[in-house]
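Report on the structure given below.
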Amino acid sequence: MSEYKITGRMRKTLELSSRLQARDPDSLTDDLIDNINSMTITKRCDKKLLCTSKSTNVSSFVIPVTEGAVTGYYFSNPKLSELTGLVPLIIFCHGGGWVFGNMDFYTIFLKHLAEVTEAAILLIDYRLAPKYKFPTAAEDCYDALLWAYEGAKYWKVDPDRIFIAGDSAGGNLAAVTALLARDRKGPQLAGQILFYPITDCRLRTQSMANYKDSPMLNEKMLSFYVKNYEREPKDILAPMFSPLLASDLSRLPPALIITAELDPLSDDGKLYSDALNASGSKANALMMKGAYHGFMPYKYATGRLQGECAARQFIAGRPVENVQLITEKELKRQKQKF
């Protein structure tokens with residue numbers, strides 16, 4: 001870890017992240033994983049590290065999925081709907097290596113993201129590994145998309161502006177959901193927003209070698225996640241597991257992909273963007289210099305402001321190829337010049 005610059009705030013962020021997603025897979029038991037996923041963010045010092053919102057409401061729904069049901073958490077601002085009419089909807093697949101998924105943490109994060117993007121967000125609490133193996137999580141997210149598309153008219157949501165999004169393993173699930181929607185003739189998505197996604201679960205990229213010991217995510221953790229999600233080793237070659245390996249990436253919704261420089265998954269996002277563009281789909285991979293994996297929920301993290309602004313630009317209708325990794329202040333200055 002000595003090769004990485006760990007500031008005071010970064011150290012506190014790393015400590016919170018470690019409690020939510022243990023850094024040492026060898027120490028994990030099923031009970032510990034359950035405890036991590038159900039813990040609440042109660043410490044004042046922890047809450048100060050996260051972006052918060054007072055204007056976003058939260059409600060929950062039971063979503064029927066294949067052989068079961070999952071919970072969906074819906075984040076919205078009723079006043080925004082009154083002022084603007086129909087609002088965009090982001091269906092969000094959370095990260096955590098298909099194993100972790102703390103809803104209290106993601107509720108704090110997504111209340112804020114809903115506010116800054118002026119969109120409604122539906123968070124999918126999909127079933128987790130190792131109890132539920134591949135492709136359960138992907139199928140849950142796709143079933144939730146179908147359910148949300150049918151329910152959009154009751155939420156004052158624009159059916160033509162439904163986005164799929166996710167972070168890390170959730171970015172993987174969002175990309176897979178977009179593939180399934182195309183292949184199964186499902187809902188037409190307005191776009192996909194992938195925050196530092198894993199797209200090739202063989203874990204062989206150059207950034208994996210360069211940043212295999214990164215403090216926020218390391219190679220050992222990634223191997224643990226993949227092994228717990230897969231039913232058998234060959235699963236990682238399936239497009240529903242590693243979307244970068246899909247033979248056909250054409251006719252997919254525009255993809256905004258935001259990556260972090262100091263992240264073993266940095267190349268996963270760039271390579272997926274290149275493959276999408278080569279297949280005729282539109283994609284734009286934006287890499288945040290000096291940022292670590294998982295930066296979006298943390299108030300003081302390098303890249304958070306730029307990531308939020310990029311998502312806001314895309315959701316507001318800017319063509320994905322024109323989206324920039326800049327802050328809102330920089331964006332406003334640009335507009336004033338013209």
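The values are calculated or read from the model by the stated rules, or taken from the named source; none is laboratory data. Note that the coordinates shown come from a computational prediction; the quantities given were computed from them, not determined experimentally. All Cβ positions, glycine included, derive from the backbone under ideal geometry; neighbour counts span all protein chains shown. The area values use the complete protein model at the heavy-atom level, side chains included, leaving out ligands, DNA and RNA. Shrake-Rupley method; radii C 1.70, N 1.55, O 1.52, S 1.80 Å.
Here is a yes/no grid of residues against (1) modelled with pLDDT of 95 or more; (2) assigned to a loop (DSSP other than H, G, I, E, B); (3) touching a helix residue (DSSP H, G or I) at 6+ places or on another chain (Cβ under 6 Å):
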| site | (1), (2), (3) |
| --- | --- |
| Ala148 | yes, no, no |
| Leu180 | yes, no, yes |
| Leu194 | yes, no, yes |
| Thr199 | yes, yes, yes |
| Arg204 | yes, yes, no |
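Looking at Val87, Val99, Val116, Val157 in this structure, which one is in contact (Cβ under 8 Å) with a residue 40 or more places away in the chain, of a type in the set (Val, Ile, Thr) and within 18 Å of Glu230 (Cα to Cα)? Even if it seems obvious, please write down each step before you answer.
Numbers: Val87 fails: within 18 Å of Glu230 (Cα to Cα); Val116 fails: within 18 Å of Glu230 (Cα to Cα); Val157 fails: within 18 Å of Glu230 (Cα to Cα).
That would be Val99, the only listed residue that is in contact (Cβ under 8 Å) with a residue 40 or more places away in the chain, of a type in the set (Val, Ile, Thr) and within 18 Å of Glu230 (Cα to Cα).
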Per the filter on region 294-312, residues open to solvent by less than 10 Å² (accessible area, probe 1.4 Å), assigned to a helix (DSSP H, G or I) and not aliphatic (A, V, I, L, M) are Gly307, Cys309
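Looking at region 120-133, can you tell me whether even one residue there is among the small types (Gly, Ala, Ser) and within 23 Å of Arg318 (Cβ to Cβ)?
Narrowing region 120-133 to residues among the small types (Gly, Ala, Ser): 120, 129.
Imposing the further condition that a residue be within 23 Å of Arg318 (Cβ to Cβ) reduces the set to 120.
Yes: one or more hits.
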Original post:
Just wondering, is there one or more residues in region 122-140 that are open to solvent by 10 Å² or more (accessible area, probe 1.4 Å), at positive phi and at pLDDT 95 or above?
Top reply: no
Yes/no for Leu217 being assigned to a helix (DSSP H, G or I), open to solvent by less than 20 Å² (accessible area, probe 1.4 Å) and over 20 Å from Gln306 (Cα atoms): no
Taking region 62-81 and the residues there that are part of a strand (DSSP E or B) and of a type in the set (S, T, N, Q), the one that is surrounded by the fewest Cβ atoms within 10 Å (Cβ to Cβ) would be Thr71
Expected single match for more than 19 Å from Phe134 (Cβ to Cβ) and either free of Cβ contacts under 8 Å to residues at least 12 places away in the same chain or touching a Ser or Thr at 6+ places or on another chain (Cβ under 9 Å) (or both) among Pro233, Pro239, Pro243, Pro254 is Pro254
Note on region 220-245: residues of a type in the set (A, V, I, L, M, F, W, C) and either over 18 Å from the mean Cα position of the chain (by Cα) or surrounded by fewer than 19 Cβ atoms within 10 Å (Cβ to Cβ) (or both) are Phe224, Ile236, Leu237, Ala238, Leu245
Self-check item: Hey, Pro159 surrounded by fewer than 24 Cβ atoms within 10 Å (Cβ to Cβ), modelled with pLDDT under 95 and not in a helix (DSSP H, G or I) or not
Solution: yes
In region 101-121, anything in contact with a helix residue (DSSP H, G or I) (Cβ under 6 Å, 6 or more places away or on another chain) and open to solvent by less than 30 Å² (accessible area, probe 1.4 Å) is listed as Gly101, Asn102, Phe105, Thr117, Ala119, Ile121
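State whether the residues of region 248-263 include one that is in contact with a strand residue (DSSP E or B) (Cβ under 6 Å, 6 or more places away or on another chain), hydrophobic (A, V, I, L, M, F, W, C) and part of a helix (DSSP H, G or I). Before you say what the answer is, go through the steps one by one.
First, the residues of region 248-263 that are in contact with a strand residue (DSSP E or B) (Cβ under 6 Å, 6 or more places away or on another chain): 253-262.
Cutting the leftovers down to hydrophobic (A, V, I, L, M, F, W, C) gives us 255-258, 260, 262.
Those still in the list that are part of a helix (DSSP H, G or I) too: none.
For region 248-263, residues in contact with a strand residue (DSSP E or B) (Cβ under 6 Å, 6 or more places away or on another chain), hydrophobic (A, V, I, L, M, F, W, C) and part of a helix (DSSP H, G or I): absent.
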The correct count of residues that are more than 29 Å from Ala316 (Cβ to Cβ), open to solvent by less than 10 Å² (accessible area, probe 1.4 Å) and among the hydrophobic types (A, V, I, L, M, F, W, C) in region 178-214 is 2
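Looking for whichever is buried (at least 23 other Cβ atoms within 10 Å of the Cβ) and touching an Asp or Glu at 6+ places or on another chain (Cβ under 7 Å) here; the options are Ala255, Ala291, Ala283. Which one fits? Steps first, please.
Values: Ala255 fails: touching an Asp or Glu at 6+ places or on another chain (Cβ under 7 Å); Ala283 fails: touching an Asp or Glu at 6+ places or on another chain (Cβ under 7 Å).
Within the list Ala255, Ala291, Ala283, the selection yields Ala291.
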Restricting region 55-81 to residues that are in contact with a Ser or Thr (Cβ under 6 Å, 6 or more places away or on another chain) and farther than 24 Å from Gly171 by Cβ, the one modelled with the lowest pLDDT turns out to be Asn77
Those residues of region 30-41 that are touching a helix residue (DSSP H, G or I) at 6+ places or on another chain (Cβ under 9 Å) and either closer than 22 Å to Asn218 by Cβ or not small (Gly, Ala, Ser) (or both) come to a total of 5
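From the list Thr40, Thr7, Thr84, Thr52, which one is β-branched (Val, Ile, Thr), at pLDDT below 85, open to solvent by 30 Å² or more (accessible area, probe 1.4 Å) and under 27 Å from Ala301 (Cα atoms)? Working first, answer last.
On the way: Thr40 fails: at pLDDT below 85; Thr84 fails: under 27 Å from Ala301 (Cα atoms); Thr52 fails: at pLDDT below 85.
Selected residue: Thr7, the only one of Thr40, Thr7, Thr84, Thr52 that is β-branched (Val, Ile, Thr), at pLDDT below 85, open to solvent by 30 Å² or more (accessible area, probe 1.4 Å) and under 27 Å from Ala301 (Cα atoms).
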